[in-house]
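What follows is one structure encoded as structure tokens, with my remarks underneath.
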Amino acid sequence: MNAMNFINGIFVDAIDGETIPNINPATGQAIGTLSRSNHRDVETTVRAAATAQQDWSALSMLERADWLDRIADGLEDRKEELAQRESTDTGKPLALARRVDAQRSIDNFRFFADFARKQAPEVFEMSDATNIVHRNPIGTVGLITPWNLPLYLLSWKVAPALLMGNTIVAKPSELTPLTATLMCEVARDVGLPSGVLNVVHGYGPEVGQAILEHPSIRAISFTGGTATGRHVAATAAPMFKKLSLELGGKNATIILEDADLDVAVEGSVRAGFTNGGQVCLCGSRILVHASIADEFTAKLVEAVESMTCGAPEHESTQIGALISQDHMKKVESYIQLGIEEGGVVLTGGTSEMTGQVGPSPEGAFLRPTVIDGLKSTARTSTEEIFGPVVTIHRFNSDDEAIEIANSTEYGLAGSIWSSDSNRAHEIAKRIETGIVWVNTWLHRDLRTPFGGVKNSGVGREGGAWSLGFFSEPLNVCIKHD
Ligand code: NAD
């Protein structure tokens with residue numbers, strides 16, 4: 001199927017008529033095309049969004065919350081199709097796409113609708129005056145998202161942006177256009193006013209760049225790689241656009257010597273290899289206390305070797321294809337680098353080492369890989385690989401674990417596994433990161449702040465943080481008579 005732009009309530013081709021092939025990474029086959037848009041398409045879109053903004057912002061937040069519920073209902077009706085499209089676009093297991101991507105995309109709309117209904121007026125009394133804080137919309141906002149959790153991450157921005165009265169120009173990843181298209185079909189079918197939600201497809205340096213540069217787009221919410229994020233900031237900041245940047249990660253999974261080993265192994269596998277390691281929150285560096293390291297590592301390798309890799313459509317598949325052949329080559333180059341840096345591959349490796357994993361030689365399949373013996377400062381141990389590769393590092397004290405955890409340029413997430421949650425909590429407070437889980441991973445309460453420090457980003461999303469980002473507070477101070 002072909003993914004066209006959705007502008008002012010209708011699906012249209014790019015003005016220049018150009019397209020990009022859309023490849024299913026599990027088969028290597030083209031499954032359709034997407035529009036290859038540029039600044040001319042963005043110009044048209046911004047005009048439509050600006051026109052729609054007045055009526056949309058005139059609705060109350062509660063009325064807009066009802067629209068979010070209608071979109072959630074529409075997505076729910078097409079949930080299976082949503083999961084199928086996500087799996088086809090990304091190569092991820094269909095079961096995962098059902099459980100995580102489809103469900104969470106619906107949940108994001110429902111969550112923000114409910115959250116809006118729980119908002120209390122912000123009023124600050126003084127002895128002689130009353131302050132009333134209004135949350136005004138920003139106007140037209142630009143949303144730019146990656147390929148790893150396509151609609152999950154896009155809906156996480158679309159829902160609060162709409163709720164706060166903004167209109168949207170969104171650009172999904174050029175590798176995964178299909179579920180953004182489904183969301184637009186739903187928006188059209190439920191009767192969302194034209195021009196409120198617009199999607200323009202294409203390459204980052206073309207259509208993405210035009211969004212960054214357009215003077216009428218007053219805020220950019222970006223999720224993607226750190227290098228792209230640096231470019232986004234350099235382009236948008238001098239125009240004083242509001243910026244939210246959710247970037248890369250190289251997260252530590254810390255196993256203390258008092259952890260329940262079976263629970264820690266199961267958690268480390270989930271943290272390391274969910275979505276083939278292509279989640280920004282994945283625990284790709286496993287830090288384990290030296291006294292239990294050998295036993296832990298043996299169990300980890302056994303668990304990883306029992307994972308089912310292969311065709312995304314099979315119910316039992318735990319690891320499907322990576323997003324593309326190019327990305328797989330990048331991941332393989334890091335495994336090779338790990339070997340050159342002195343690492344020992346305990347299981348997995350490049351496809352040359354392990355042979356064909358998936359059903360098709362054209363598919364981007366790679367066995368989950370565990371590398372031991374690397375210095376914690378090695379490039380393989382500190383740079384984001386974003387694939388099914390974890391490295392193992394030993395420590396002898398809590399201080400050493402914290403030092404290793406903090407020795408990357410990133411600071412997005414992490415997990416600590418211990419039977420002493422107070423001790424784990426003390427360690428968590430000293431890790432330079434945005435979120436730490438204790439004895440769990442990816443356990444999300446959508447009201448809590450989500451985001452990173454250092455090169456993992458600027459700002460937070462979630463609950464009140466999202467409402468804050470997508471609005472401009474106006475304080476009215478009324479002097480008492
Ligand atoms: P990417 O940075 O290559 O692309 C992200 C988006 O930016 C895409 O839509 C792309 O087309 C667009 N883009 C590229 N160049 C652009 C430009 N010049 N102007 C405007 N837009 C441009 O990232 P990716 O490969 O799609 O995603 C993987 C990365 O995303 C990883 O680093 C991962 O850690 C990160 N990520 C972070 C989070 C988070 O919440 N922190 C979540 C998911 C993914």
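The values are calculated or read from the model by the stated rules, or taken from the named source; none is laboratory data. Fair warning: this is a prediction, and the values are worked out from it, not measured in the lab. So basically every Cβ, Gly included, is an ideal-geometry build from the backbone, and we count neighbours across all protein chains shown. Quick note on the areas: whole protein, heavy atoms, side chains included, nothing else; ligands and nucleic acids left out. Shrake-Rupley method; radii C 1.70, N 1.55, O 1.52, S 1.80 Å.
Odds and ends about this structure:
Let's see how each residue does on (1) open to solvent by 10 Å² or more (accessible area, probe 1.4 Å); (2) more than 14 Å from the ligand (Cβ to nearest atom); (3) out of contact with any Asp or Glu (no Cβ under 6 Å at 6 or more places or on another chain):
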| site | (1), (2), (3) |
| --- | --- |
| 123 | yes, yes, yes |
| 126 | yes, yes, yes |
| 133 | yes, yes, no |
| 161 | no, yes, yes |
| 166 | no, yes, yes |
| 193 | yes, yes, yes |
| 196 | no, yes, yes |
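- Of the criteria (1) open to solvent by less than 20 Å² (accessible area, probe 1.4 Å); (2) more than 27 Å from residue 280 (Cβ to Cβ); (3) among the aliphatic types (A, V, I, L, M), which one residue 149 fails: (2)
- Test: residue in the range 415-425 that is open to solvent by less than 10 Å² (accessible area, probe 1.4 Å), touching a Leu at 6+ places or on another chain (Cβ under 6 Å), within 16 Å of the ligand (Cβ to nearest atom) and in a loop (DSSP other than H, G, I, E, B): no
- Yes/no for residue 208 being part of a loop (DSSP other than H, G, I, E, B), at pLDDT 95 or above and within 16 Å of the ligand (Cβ to nearest atom): no
- Those residues of the range 425-436 which are without any contact (Cβ under 8 Å) to a residue 40 or more places away in the chain and within 15 Å of residue 411 (Cβ to Cβ), in sequence order: 428, 429, 430, 432, 434, 436
- For residue 54: the one exception among (1) in a helix (DSSP H, G or I); (2) more than 18 Å from residue 158 (Cβ to Cβ); (3) touching a residue at least 12 places away in the same chain (Cβ under 8 Å): (3)
Quick grid of which residues meet (1) closer than 30 Å to residue 421 by Cβ; (2) away from the ligand (no atom under 16 Å from the Cβ); (3) of a type in the set (A, V, I, L, M, F, W, C):
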residue: 281; (1), (2), (3): yes, no, yes
residue: 302; (1), (2), (3): yes, yes, no
residue: 306; (1), (2), (3): yes, yes, no
residue: 311; (1), (2), (3): no, yes, yes
residue: 322; (1), (2), (3): no, no, yes
residue: 329; (1), (2), (3): no, no, no
residue: 350; (1), (2), (3): no, yes, no
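- The range 65-152 holds strands (runs of 3 or more DSSP E) entirely within its bounds, and those carrying 3 or more residues that are in contact with a Lys or Arg (Cβ under 8 Å, 6 or more places away or on another chain) and modelled with pLDDT of 95 or more map to 140-144.
- Within the range 323-338, the set of residues being over 20 Å from residue 363 (Cα atoms) and either of a type in the set (Asp, Glu) or buried (at least 18 other Cβ atoms within 10 Å of the Cβ) (or both) comprises 338 only.
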